[in-house]
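Data first, discussion second: the structure below is written as structure tokens.
The values are calculated or read from the model by the stated rules, or taken from the named source; none is laboratory data. Computed from a predicted structure; not experimentally measured. Cβ: placed from backbone, ideal geometry, glycine included. Neighbour counts: every protein chain shown. Only protein heavy atoms, including side chains, enter the accessible area calculation; ligands, DNA and RNA are left aside. Shrake-Rupley method; radii C 1.70, N 1.55, O 1.52, S 1.80 Å.
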Amino acid sequence: MGLLPEGCIANVISFTTPRDACRLSSVSTVFKSAAESDAVWERFLPPDYPSLLSDAASSSSSSSSLHFSSKKELYFSLCHNPILIDEGKKSFSLDKQSGKKCYMISARDLLIVWGDTPTYWRWTSVPEARFPEVAELICVCWLEIRCKINTRSLSPRTLYAAYLVYKPTAGSYGFEYQPIDVSVGVVGSESQTRTVYLDAERGQRKRYQYPRRIGLFNRSRRQASMPKENDGCYPKERDDEWLEIELGDFLNKEDEDGELEMSVLEVAAGDWKGGLIIQGIEIRPKQGK
């Protein structure tokens with residue numbers, strides 16, 4: 001192998017994975033030079049990355065992250081530093097292990113029922129969010145959040161999962177025992193639906209607050225319907241200290257063409273609830289698949 005031209009070695013490495021390329025760079029100086037070449041890392045970047053960078057460059061808030069000296073540096077920058085696209089309504093990044101596309105749809109790009117009614121929702125900013133605005137739930141009895149993304153925007157032959165990214169406020173209430181219906185599916189096809197709970201402490205939070213109005217279901221009935229702790233229906237804390245709950249997964253095929261719709265619903269019980277900050281819905285490759 002050491003007798004092969006560097007260009008030939010680089011071409012072989014480009015058919016592996018980003019992780020393999022990093023490992024192969026330790027084999028020898030020739031392998032290191034080949035594994036770090038632009039020819040290799042160009043293959044790991046999505047084909048439409050120039051248009052995505054151009055979109056991001058139109059936003060002055062994200063332009064500072066677009067300076068890079070090599071395609072490898074660009075790759076890892078996109079893994080660790082999501083860029084804002086679509087006039088700041090979405091963020092784009094890469095999955096570090098696979099190079100697959102990841103998106104987060106901001107709260108402003110979600111369809112939130114009553115989202116523009118100050119009595120129910122408030123638009124604000126928080127320093128730890130990646131978007132200029134987040135949606136703060138004040139008080140609703142009808143929770144309905146939806147969004148769509150074109151499947152052509154996603155990486156082909158990839159199993160994706162969608163996640164609601166949020167955090168509770170100090171006065172959060174009404175989610176302790178209340179099941180939430182979530183779904184993921186292509187518009188026009190049958191959606192994958194499951195039940196989750198948005199309370200991170202599974203109804204054992206010390207700062208519990210009772211709703212200001214009496215709901216249609218009493219607490220004992222809701223508590224009896226709660227799933228077991230290990231069934232994966234509760235949120236997890238992310239590295240950025242936000243919470244996320246999986247809405248479902250979706251296999252994006254090679255020739256998939258349609259709109260992927262995600263939803264978060266609690267419209268049946270009629271209980272009042274409030275005190276959540278919604279950052280957005282993230283779509284990324286499902287780990288372990």
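Loop-located GluC sites (Glu not before Pro) across the stretch 60-166 with a Cβ neighbour count of 13 or fewer within 10 Å are E87, E128, with loop assigned by DSSP. Measuring between alpha carbons in the structure, the pairs from K89/K236; K100/K236; K89/K253; K72/K167; K101/K167 lying more than 28 angstrom apart are K72/K167. For the stretch 96-176, the per residue solvent-accessible surface stands at 42 Å², with DNA, RNA and ligands left out and a 1.4 Å probe. Shown for the stretch 39-141: the carbon plus sulfur share of the solvent-accessible area, taken with all protein chains present and a 1.4 angstrom probe, equals 52%.
For V126, the residues 5 or more places off, or on other chains, whose built amide H falls under 5 Å of its own are V134. For the peptides 274-285, 44-55, the ranking by packing is 274-285, 44-55, with the highest mean count of neighbouring Cβ atoms within 10 Å listed first.
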